[in-house]
Structure formats: structure tokens, C-alpha cells
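Chemist: Attaching a single structure in C-alpha cells format; questions to follow.
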Amino acid sequence: MIDKVPLPSWMAILILSTTLITPAWAEYADVVINKRAEQAGMRPVIFPHWFHRIRFTCNVCHNDEGFKMKVGANNITMAELVDGKFCGMCHNNENKIAWSLDRCDMCHSGLPGLSSGIQRGDPTRGPGYK
């Protein structure tokens, strides 16, 4: 019965204004990877760490997938991703876990000029935003 109750107009305006009008901001502790991206003519990568962390244990990425637990310590290349290493373990066309590597904009979505490192709520934008 509750699903048939219309939203008050102020609530509808609030929902629309926070989802459609305001720009997307990075979550706390998003990781910016810009070691090679801008040099190659691409936007920096925004890795939504907590989006992944709430779904998987640390061990999944930091042991099974080979990521070192230090910012900047991973020498990630697109060739390695295509070969199924690092992010390419899940982000591929085979296992249907996540979008594939042909969706460049989903990862290369950071604002130009961002430095590599962990962000603390800065306006880095998020995956898929241009």
C-alpha cells in the first residue's frame, strides 16, 4: 500500500536536485591513478576503493589480484589489464562481473590535472562521468 502513496513535491524536488543536477563527487578514499593516463591523452583513472571494499575483502584484490597495499606501488598498464591482470581479472568480456575494458570512460573519468593518490572527498568525479 505504501508504494502507491505519492511523494510530497518537496521530496521529489530534493531527490531530483541531488541526483540529476549536482555533479558527481568522489567518495572518501577514492584512488586517483594518473601515472600514465594524461601522458597518453586519457583522463586520470578514478578507482572507487570503498565501492569495491564493501563488496570484497581486502584479500581479493591485494593478494589474489596482485595489488600492493601502497599507493603508487603498482605499475599498472593497459596491456596488463587486457591480459587479465589487476582490474582485468573482473573487468573483461568473459566473466560478466563488471563492465569490460572497452568502456574507457567508466574508469578514465577523473578531472584533468589530478595527481595520483588517495583523495579525501575532493571533486574528482566518479566512474562514468565526463
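Every read-out reported here was derived from the displayed coordinates using simple, explicitly stated rules and does not represent laboratory data. The structure displayed is predicted, hence computed values, not measured ones. Cβ coordinates were reconstructed from backbone atoms using ideal geometry, including for glycine residues, and neighbour counts include every protein chain displayed.
Chemist: Given charges of +1 on the Cβ of Lys and Arg and -1 on the Cβ of Asp and Glu, with all other atoms neutral, how large is the dipole of the range 24-120 about its Cα centre, in debye to the nearest 20? Walk me through the intermediate numbers first.
Modeler: On the way: 11 positive and 10 negative charges, 54 e Å.
That gives the range 24-120 a dipole magnitude of about 260 debye.
Chemist: Once the convex hull of the alpha carbons of the range 24-120 is built, what does its volume come to per residue, in cubic angstrom?
Modeler: Values: hull volume 10.1 nm³, N = 97.
Spread over its residues, the Cα hull of the range 24-120 gives 104 Å³ apiece.
Chemist: Could you work out the relative contact order of the range 24-120? I mean the mean sequence separation of Cα pairs under 8 Å and 6+ apart, divided by the number of residues, in percent. Could you put the intermediate results ahead of the total?
Modeler: On the way: 130 pairs, mean separation 39.9, N = 97.
The value is 41 percent.
Chemist: Volume per residue, Å³, of the convex hull around the alpha-carbon atoms of the range 50-97? All intermediate terms of the calculation are to be shown ahead of the outcome.
Modeler: Values: hull volume 4.0 nm³, N = 48.
Hull volume over Cα atoms, normalised by residue count, gives 83 Å³.
Chemist: Using the charge dipole of the range 35-101 (Lys, Arg: +1 at Cβ; Asp, Glu: -1 at Cβ; taken about the Cα centre), state which of CYS90, ALA79, HIS62 has its Cα farthest towards the positive end.
Modeler: HIS62
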